[in-house]
Amino acid sequence: MLLLDITGFIGRFHPLFVHLPIGFIIAAVLIEWRMKDSKYQNVVSYLWLLSAITAGVASLCGWFLANDGSYANWTLFAHRWLGILIAVVSLYAWYTRRSSKPSPVSKKATNIVAIVMLAITGHLGGNMTHGSDYLLEYAPRPIQKLMGYGKTGNDLPQFADPDSVMTYRDIIFPTFEQKCMGCHNDNVQNGGLNMSSIDSIKLGGDGGPVIVSGDIKSELLRRVTLPTSSAKFMPTSGTHMTYHEVRLLEWWITQGADYNTSISAMTANPSIQSILMSIYGLDITPRPWIEKTKVSLPDSIAISSINSTGIKLNVISNSNGWVEVSNFIGSEVTEEQLKSLSAASDQITWLQLPKSGLTDEMLSYINSLSNLTKLKIQGNPITSAGLAQLENLSNLETLNLTNTKVDDGIFDLISNMPKLKSIYLWQSDVTTEALEDARSSYPNIDIVGGLEN
């Protein structure tokens, strides 16, 4: 155990040493190429010697490091021995340059071989660390398409609507089915583990549960990331999990390992978003509610009745029925205008009434617009007590209350607005203390402004 700890400790120094021979080799090649004077020959010779030494140390550390991770056998083999060969080539280059007149052919050959080996070895190292598609993962889509990025030989399904994709059913279980169930099914249960159903997976195997909600040390995840030489590495035969499959499994477990959650309900970092997009065509970047929900256009009678009151109604997009209602800044809004909005209550999602004389009593008409996502009512004499009437605005994402009479009581109302992302409170009666407390209590809401602003 002590020996394993020591080798594991030494292995962690691989990233530190691995870049040194790269710098020494490039410097040696450039100096020899650009500076023909023989007085630089000793410098070049020493650079090759330093490269040989540091490449040897990096190879030793890398050898130990390989025992502490899960890497594809061929990639590891090639990366490991190419690294050792770089040390050998560097040593040979140093030896040949010790003479007063080294062969020009030998010099060019070692330079070319060393640079090519550096490029291949570095690429293989990137493959092991970041996945085989790391170079193209963030490339522009035309380049990804040209290089065939995201195409697999497994005919993986492509999904259009994230809301209809269940993370376990559509993403995780197919991997289990292909990579695990050959040895863990209703008929064969190695280690007492059956992975053919959710209930049997939850039961675990002879050693207990293999998946623990939120636990990155879950036994199943540990087994698929062991060194491939380990007797406990899974799967013991057949095709191993790919880098991306392991990343998605890790993500699902750390997100709670919920078997009945849609993929759009989960939080994903840019790396996971990129994997899902490239492999499954799934775009799970957060989208506004109105982009995920379709409504029909208001009928022409409703539009005419609203516009006839002097208030302005505009269709936001021709591909959806959402509309925006606004009033000219400084124009007084009337109860008649607000009442007319009921004719398109299902389609109004943006409402802008700045400096329009809107009062607390008038807010009851706005409460009927349950699909509002953006409400801009800055510059009106409204209070927190009046805003308490807006209990139906559960889809509200943006609320502008700049230059109003709202006070600290506004923060008691935020809990009734579960989708709120931004609230603006410049030149209001909100105190600095309440503002700071609210920012701590609602970290996912951008609370902007305060009293003396």
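The values are calculated or read from the model by the stated rules, or taken from the named source; none is laboratory data. Nothing here was measured: the structure is a model prediction, and the numbers come from that model. Virtual Cβ from ideal backbone geometry, glycine too; neighbours counted across all protein chains shown.
Residues that are in a loop (DSSP other than H, G, I, E, B) and small (Gly, Ala, Ser) were ranked within the range 347-364; the one that is nearest to Ala302 (Cα to Cα) is Ser356.
To keep it simple, each residue is scored yes or no on (1) crowded, with 16+ Cβ neighbours inside 10 Å; (2) within 41 Å of the chain's Cα centre (by Cα); (3) free of Cβ contacts under 8 Å to residues at least 24 places away in the same chain.
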site: Ile301; (1), (2), (3): no, no, no
site: Ile306; (1), (2), (3): yes, no, no
site: Leu313; (1), (2), (3): yes, yes, no
site: Ile316; (1), (2), (3): no, yes, no
site: Trp322; (1), (2), (3): yes, yes, no
site: Val325; (1), (2), (3): yes, yes, no
site: Val333; (1), (2), (3): yes, no, no
site: Ala343; (1), (2), (3): yes, no, no
site: Ile348; (1), (2), (3): yes, yes, no
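Taking the range 263-293 as the range and being surrounded by 13 or more Cβ atoms within 10 Å (Cβ to Cβ) and under 9 Å from the mean Cα position of the chain (by Cα) as the test, the residues that pass are Ala268, Ser271, Ile272, Gln273, Ser274, Ile275.
Taking the range 426-441 as the range and being of a type in the set (Val, Ile, Thr) and either in a strand (DSSP E or B) or crowded, with 20+ Cβ neighbours inside 10 Å (or both) as the test, only Val430 passes.
Let's see how each residue does on (1) out of contact with any Asp or Glu (no Cβ under 9 Å at 6 or more places or on another chain); (2) charged (D, E, K, R); (3) at pLDDT 90 or above; (4) crowded, with 18+ Cβ neighbours inside 10 Å:
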site	(1), (2), (3), (4)
Leu2	yes, no, no, no
Phe9	yes, no, no, no
Pro15	yes, no, no, no
Gly23	yes, no, yes, no
Val29	yes, no, yes, yes
Lys36	yes, yes, no, no
Ala52	yes, no, yes, yes
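Within the range 242-258, the set of residues being part of a helix (DSSP H, G or I) and of a type outside the set (Lys, Arg) comprises Tyr243, His244, Glu245, Val246, Leu248, Leu249, Glu250, Trp251, Trp252, Ile253, Thr254. For Gly153, the conditions (1) under 23 Å from Val246 (Cα atoms); (2) surrounded by 13 or more Cβ atoms within 10 Å (Cβ to Cβ); (3) modelled with pLDDT under 90 are fulfilled apart from (2). Within the range 281-302, at least one residue is of a type in the set (Phe, Trp, Tyr) and either in contact with a Lys or Arg (Cβ under 6 Å, 6 or more places away or on another chain) or not assigned by TED's automatic domain parsing to the domain that holds Pro354 (or both). Considering the range 186-223, and only residues there that are over 22 Å from Trp251 (Cα atoms) and assigned to a helix (DSSP H, G or I), the residue that is modelled with the highest pLDDT turns out to be Gly192. When the residues of the range 402-425 are filtered to those that are under 33 Å from the mean Cα position of the chain (by Cα) and part of a loop (DSSP other than H, G, I, E, B), the one that is surrounded by the most Cβ atoms within 10 Å (Cβ to Cβ) is Leu425.
Right, Thr239: surrounded by fewer than 18 Cβ atoms within 10 Å (Cβ to Cβ) and modelled with pLDDT of 90 or more or not?
It is false that Thr239 is surrounded by fewer than 18 Cβ atoms within 10 Å (Cβ to Cβ) and modelled with pLDDT of 90 or more.
Reported count of residues in the range 166-197, each being without any contact (Cβ under 8 Å) to a residue 12 or more places away in the chain and crowded, with 18+ Cβ neighbours inside 10 Å, is 2. Checked against the criterion of being farther than 30 Å from Asp408 by Cα and hydroxyl-bearing (Ser, Thr, Tyr), the range 348-364 has no qualifying residue. Annotation: of all residues in the range 96-116 being surrounded by fewer than 17 Cβ atoms within 10 Å (Cβ to Cβ) and modelled with pLDDT of 90 or more, the one that is farthest from Tyr40 (Cα to Cα) is Val116. All of (1) surrounded by 13 or more Cβ atoms within 10 Å (Cβ to Cβ); (2) of a type in the set (A, V, I, L, M, F, W, C); (3) closer than 29 Å to Pro235 by Cβ; (4) at pLDDT below 90 hold for Val43 with one exception: (3).
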